[in-house]
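Below you will find the structure I want to go over with you.
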Amino acid sequence: MNELDVILRGGTVVTAADTTRCDVGISGGKIVALGESLGGAKEVVDVTGKLVLPGGIDSHVHVSQPSGPGIRMADDFESGTRSAAFGGNTMMLPFAMQQKGQSLREVVKAYHEQAKDKCYVDVSFHLIVTDPTESVLGQELPALVEDGYTSFKVFMTYEGMALSDLEMLNVMAVARETGALVMIHAENYDAIRFLTDRLERAGKTAPQYHATSRPIPVEREATHRAISLAELVDVPIVIVHVSNGEAMEEIRRAQQKGLKVYGETCPQYLVLTEKDLEGLNMEGARLVCSPPPRDTASQQACWQGLQQNVFSLFSSDHCPFRYDDPEGKLTPKGRTSFRWVPNGIPGVETRLPILFSEGVKKGRISLNEFVALTATNHAKMYGLYPQKGTIAVGSDADIAIWDPDREVTISQKLLHHGSDYTPYEAIAVTGWPVSTMVRGHFVVRDGELATKDKSGRYVSRAKSSLAVPRNH
Ligand code: URP
Ligand code: ZN
Ligand code: ZN
């Protein structure tokens, strides 16, 4: 065998299926050998005592997304992908979001321009469809799916973005025809508007009432409706950022019926609750996201969803704003109701440590399940497998080198995102990414940024290997 570029020696290689003590040989950015006593290499990296994991794939991330007048997201592609790399991720999938009246193709083009030469890890885009006009449905979407944009998100809530049931059905029908996957933000828009108006009239405007304005039935009903619409069209869907047991049970029931309905949950639904917003006054805006964190019973249900394969994806829903910033969480000035607080929290860097610590270390999930939930299933769901999401000969050498025993107290000062806070401040975790390698090159090495090159690439995707309609 020719001399390898790199050998990772002495670690424990973990995939979604196996845990094996072996070395990893890397050449030309690919994994080319797994075994003992691999030949020579330009560089041998001692990873004794470490876990060698497929790099995390965070398939639900927002960066540089338009967020309303006067509001700016805290991360662009540069800071977002740097933060992702420090969190043990080798790929992330942000959303190219259409705004009303825009051409989806133009949106995608503009997003590529923003990402060009800015990424530390590989990226691929989902689309967000907010204006499903005839030309979007008839021409743009089908052409974009053919070009490798094989998943799109639709919203059942948010001003200017919510689709009607008819629009959802039309988008689903295009997905069915083209083999794409629809990701659904399931909350009942009218119910939220009704509750928001009532809360405001009662003077309940502090950020903590954000959670009160979108309680569990709002999410459960929309989840049920989304599943019903998908059943009518016979199209696979992913219900994203599921926060509670009632929505989870809707997904489980659909799965038991044989429907291709997948679920995703996120760290905020495992370690935060609605109570965390209480007493913070405007500072509660830091935790405003949708759906909101719920209660401890909902946390338990989300764990069950992960343990019982109702959820196949664990993503961050990284959607970062700054708090103490005129373009951040409290904008526009003078509008003090929770209604105006931009929704979303940062989390791309803390997703893996939180799941490892709370899941693997506390015996809730196995190491192999951790890999499946954070990397492999994302690659399979979104048409990237086996190029991404596993450690196998022929796959990209996208690797997180993980210290399973490192004890860290999460703190803003350790993180690399553009936000000025983390919702997970002071949470103690065990297990931390030491180094992150993208296609055979260290981006982070021993906790330091290892390169100035922003050589993350855009990866065009195949259709989902999991989500094939039932009657195909
Ligand atoms: O509050 C959230 N989740 N913001 C991000 C946008 C979305 O709905 O995923
Ligand atoms: Zn959403
Ligand atoms: Zn999101």
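The values are calculated or read from the model by the stated rules, or taken from the named source; none is laboratory data. Remember, it's a predicted structure, so these values are computed and weren't measured experimentally. We place every Cβ from the backbone using ideal geometry, glycine too, and count neighbours over all the protein chains shown. Ligands, DNA and RNA are stripped out before the accessible areas are found, and what is left, the full protein with its side chains, is counted by its heavy atoms. Shrake-Rupley method; radii C 1.70, N 1.55, O 1.52, S 1.80 Å.
Put +1 on the Cβ of each Lys and Arg and -1 on the Cβ of each Asp and Glu in the chain; which of Thr212, Leu127, Val459 then has its Cα farthest toward the positive end of the dipole?
Thr212
How large is log10 of I(q)/I(0) for segment 1-78 at q = 0.21, 0.22 Å⁻¹ when the intensity is taken from the Debye formula with one equal scatterer per alpha-carbon?
Debye output, listed in q order: -0.90, -0.95.
How long, wide and thick is segment 342-472, going by the Cα atoms along their three principal axes, in whole angstroms, largest first?
49, 36, 36
Also: Suppose a student asked you for the relative contact order of segment 55-368, using Cα pairs under 8 Å spaced at least 6 residues apart; what percent would you report?
19 percent
Could you work out how much longer the chain between Arg457 and Ala110 gets when fully extended? Use 0.36 nm per residue separation minus the Cα distance between them, nm to one decimal.
123.3 nm
Where the centroid of each part is defined by its Cα atoms, how far is segment 234-300 from segment 393-439 in Å?
23 Å
Can you give the translational diffusion coefficient of segment 55-368 in µm²/s, computed by Stokes-Einstein from the Kirkwood radius over Cα pairs at 37 °C and 0.692 mPa s?
It diffuses with D of about 167 µm²/s by this estimate.
Choose one of Met156, Pro346, Gly431: the residue whose Cα lies farthest towards the positive end of the charge dipole of the chain (beta-carbon charges +1 Lys, Arg; -1 Asp, Glu; about the Cα centre).
Met156
OK, next. Ordered by packing density, taken as the mean number of other Cβ atoms within 10 Å over each peptide's residues, highest first, how do 71-82, 245-256, 444-455 rank?
Going from most to least packed, we get 71-82, 245-256, 444-455.
Can you give the % of DSSP beta bridges in the chain that are antiparallel, to the nearest 5?
Bridges in the chain are about 45 percent antiparallel.
Determine the dipole magnitude for the chain: charges of +1 sit on the beta-carbon of Lys and Arg, -1 on that of Asp and Glu, nothing else is charged, the reference point is the Cα centre, and the result goes in debye to the nearest 20.
300 debye
Measure up Lys388/Lys463; Lys30/Lys260; Lys30/Lys361; Lys388/Lys454; Lys329/Lys413; Lys50/Lys380 against 22 Å on the Cα-Cα distance and list the ones that go over.
Lys30/Lys260; Lys30/Lys361; Lys50/Lys380
Tell me the per residue accessible area of segment 45-122 using a 1.4 Å probe; a whole number in Å² is fine.
Here the residues of segment 45-122 average 32 Å² of exposed surface.
Still on this model: What is the local net charge at Ala426, summed over the other residues whose Cβ is closer than 15 Å to its Cβ (Lys, Arg +1; Asp, Glu -1)?
Residues near Ala426 contribute -3 overall.
If you don't mind, another one. With only alpha-carbon atoms in the gyration tensor, what are the semi-axes of the equivalent ellipsoid for segment 228-320, in Å, largest first?
27, 13, 11
Let me check I have the definition right: for segment 74-228, take the eigenvalues of the Cα gyration tensor, multiply each by 5, take square roots. What are those semi-axes in whole Å, largest first?
They are 29, 23, 14 Å, listed from largest to smallest.
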